[in-house]
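As C-alpha cells, the structure follows; a few thoughts come after it.
The values are calculated or read from the model by the stated rules, or taken from the named source; none is laboratory data. These figures come from a predicted structure and were not determined experimentally. Counting neighbours? That spans all protein chains shown, and the Cβs are built from the backbone with ideal geometry, glycine included. Note: accessible area is taken over every heavy atom of the protein model, side chains too, but ligands, DNA and RNA are not part of it. Shrake-Rupley method; radii C 1.70, N 1.55, O 1.52, S 1.80 Å.
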Protein chains: 2
Amino acid sequence: MSEVNLPIASFSPLYEQIKAMILASLQAGEWLPGEVIPSEMELAARYAVSQGTVRKAIDELAAQNLLVRRQGKGTFVATHQEDDWQYRFLRLAPDSGEKFHLISQFLACEQTKATDYVANLLKLKAGDPVIYIDRVQTFAGQPVVFEEIWLPGSRFKGLDLNTLNDWHGPVYALYESQYATHMVRAEEKIKAVSADEGLANHLQVIIGAPLLSVERVAFTYGNKPVEIRHARYDTSEQHYENRLN
Amino acid sequence: MSEVNLPIASFSPLYEQIKAMILASLQAGEWLPGEVIPSEMELAARYAVSQGTVRKAIDELAAQNLLVRRQGKGTFVATHQEDDWQYRFLRLAPDSGEKFHLISQFLACEQTKATDYVANLLKLKAGDPVIYIDRVQTFAGQPVVFEEIWLPGSRFKGLDLNTLNDWHGPVYALYESQYATHMVRAEEKIKAVSADEGLANHLQVIIGAPLLSVERVAFTYGNKPVEIRHARYDTSEQHYENRLN
DNA sequence: TAGTGGTCTAGACCACGGG
DNA sequence: CCGTGGTCTAGACCACTAC
C-alpha cells in the first residue's frame, strides 16, 4: 500500500478564515449589536487581504443575518432592538391578515434546578441553576399564547419578575441589552396537543381544545443554546406561517 | 417647484438582468431539471459580460435552490428527482430520530371544478377544471399523514389514479417528469385541529384527537401557484421541524 | 465633498472530476 | 490532461448617506 495524503482540514479558503475572525470579534463583544463594524477597506487592511475577500466574508455573515449592510452608511451588527426585527422569530399571524400586536403578561419568574430534559437541551448538568418564566400573550383582548421559558441561571443572574414587567419590548431585546446575549438562530419542534385544565384556563378555551405546541431552542454565537421556550398557541383565529425554499 | 427626476425602475444591476435571462431560459424549458447549463464562460460570452457577473447571478439562483453548483462538473438545474431532494419540502420527522420512510396509498383522483377557495389560491376562475387527489401515508405500518391535493386541470391533463399508483417516488418528481412542472417554493399555514370522523378513520385515532393541519401552496418558476395541499399529521410520534435564522 | 457599500472587469491561480 | 467551478487580487466606477 502506498502512502496516502490525509488532510485533516481539507483546505480552508481565506474568506472562511476572515469570517471566523469576524465571528470571533462578534462573540467577544468587540462590536455590539446595533453598532457599525469597521469599513471593508479597514478590515482588508487589518487582515491583510483584498477588499473583495472581506466582501465575500461579510456577504455570507449578512446572509446568515449576523450582520446588516447599509449602503452609504456601513455594516452593522444585527440586533433584536430594531423595529423590523422585533418579531424576527415569530411565525404566528392572524388569519385575517391584520397587523399583529401581542401584549405580554408575565406570570412567574423563578429560580429552579435543571431537569434532565432542560439540562440536556441547554448543555448544562442536571440540577444546575435555571430560571423559569411563564407568560400569557393576548391579541385584541384574547389570550393567544401561553409560553414557558427556561434560561441558564449563570448567564441571566438577577432576572426577576419586576425586571420583566418593567421591560417594554421583545424579550430578546432585553437579553441583548441586559445580559449581553444576542440570539442568532433557533430550532422549533411543532406538535398538535389537547388543552389540559391549566392551558384551558390560561388561553380561555375548553379542556381538550386543540393547541399548537411549539418547542424552541435558541442559540447565540458559536451555536451555544441559551434559551428553551415551550409555547402553546391557540390557532383558532391565527396560524403558524412557514416558507419552504 | 423644481423638476424632479422620477426613475421608474430605479437602477437594475447587470447581474440582475442576467439572472432574469437565466430564469427565463429555465421557465421556457431550455435547460430541463437535472441537466447541466452552459459553463460560466459560455454564458459570459452569450450575454457579453464578464465571468464575475455571471457568477454573481448564478450564485443567487443557487442560493434560492433553482440551480446546483458542482465543482469540476458544472452547474445543474435543480430537480426533485435527486435522492437528497426527495423530501425537500417535508418538515415532518419522527420524535425518535429514526430515518423516515413514508409509504403512500392513493385513495382518489377525480376531475372536479374549482371552489372559490381553490380558484383563489391557484389563480383560476371558480368552476375551472381541477384535479382532486387524496392519500394516506404510513410509517412503520401506522398511518401518519392524510393529504388532499388540488391541481389545475389544464396543466395536469390525464393524471389519474392508475398513474399515481404506478408511480414510485415523490409526487413532485412525477410532476416534473410527466407534466414539465418543477416546484420551486412553497408556503405553509399551520394550525392545530381536532379529528372529525373521516380523519379519525384515515389516521386511526379517536374522534377529537389533536392533529396538525398544514395547508401548502406550491409555486413553479415565475411565482405561479400550481398545487394546493392540505395535510393532516398525527403528531403523537412525530413532529414538524423548523429552523429560524 | 468625502466615505461607505455596490457593481463590474480582467486576469492569475487553485481544487475537483473525468477522460 | 483539460474543463469546470472556486478563490483572490487590483482597480475603476457607480449609488447612497451625511456633513
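Some values worked out for this structure:
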item	result
Sites excluded, GluC sites (Glu not before Pro) in DSSP loops with at most 16 other C-beta within 10 Å, longest stretch of chain B	B:99-236
For region A:14-77: rounded, prolate or oblate by the Cα gyration tensor [a/c cutoff 1.5]	rounded
Nearest-ten-degree value, helix B:14-28 long axis tilted from longest Cα axis of chain B	50 degrees
Exam field: B:Asp134 pseudo-label spacings to other copies (7 Å along Cα-Cβ), nanometres	3.8
Per residue, the convex hull volume that the Cα atoms of chain B enclose (Å³)	202 Å³
Whole-number accessible area per residue in Å² for region A:83-240, which is evaluated in the context of all protein chains at 1.4 Å	47 Å²
Solvent exposure, largest accessible area first (probe 1.4 Å, DNA, RNA and ligands not counted), of B:Ile207, A:Ile149	B:Ile207, A:Ile149
Other copies of B:Glu98: label-to-label distances in nm, shortest first, labels 7 Å along the beta-carbon direction	4.5
At 7 Å out from Cα toward Cβ: A:Leu32 inter-copy label distances (nm, ascending)	6.0
Candidates per trypsin sites (Lys or Arg not before Pro) in region A:141-193, loop by DSSP, up to 14 other Cβ within 10 Å	A:Lys157
Global form of the protein assembly as shown, assessed from the alpha-carbon gyration tensor, a/c cut-off 1.5	oblate
30 Å Cα-Cα reach of A:Lys56 towards lysines, excluding residues that sit fewer than 8 places from it in its own chain	A:Lys19, A:Lys73, A:Lys224, B:Lys19, B:Lys56, B:Lys73
Residues with amide H under 5 Å from that of B:Asp128, placed H, sequence gap 5 or more	B:Ala114
A:Leu121, A:Leu203, B:Leu14, ranked by accessible area, largest first (probe 1.4 Å)	B:Leu14, A:Leu121, A:Leu203
Simple Cβ-charge dipole of region A:88-244, Lys/Arg +1 and Asp/Glu -1, about Cα centre, in debye nearest 20	640 debye
Estimated 222 nm signal from helices in chain B, with DSSP H stretches of n ≥ 4 weighted -39500 (n - 2.57), rounded to 500	-7500 deg cm²/dmol
Shape category assigned to region A:1-122 from the gyration tensor of Cα positions, a/c cut at 1.5	oblate
Rel. contact order, % - alpha carbon contacts under 8 angstrom, at least six apart, chain A	17 percent
Coordinate range along principal axes, alpha carbons of region A:127-245, Å, largest first	40, 39, 32
For A:Cys109, solvent-accessible area (1.4 Å; no DNA, RNA or ligand), Å²	30 Å²
Cα long-axis angle, helix A:51-63 against chain A (0 to 90 degrees, to the nearest 10)	10 degrees
Accessible-area ranking of B:Met21, B:Met41, B:Met183, largest first, probe 1.4 Å	B:Met41, B:Met21, B:Met183
A:Asp84 accessible area, assembled protein chains, probe 1.4 Å, Å²	120 Å²
Averaged over A:203-215, number of beta-carbon atoms from partner chains that fall within 10 Å	3
Filtered trypsin sites (Lys or Arg not before Pro), region A:12-112: DSSP coil and at most 10 other beta carbons within 10 Å	A:Lys73, A:Lys99
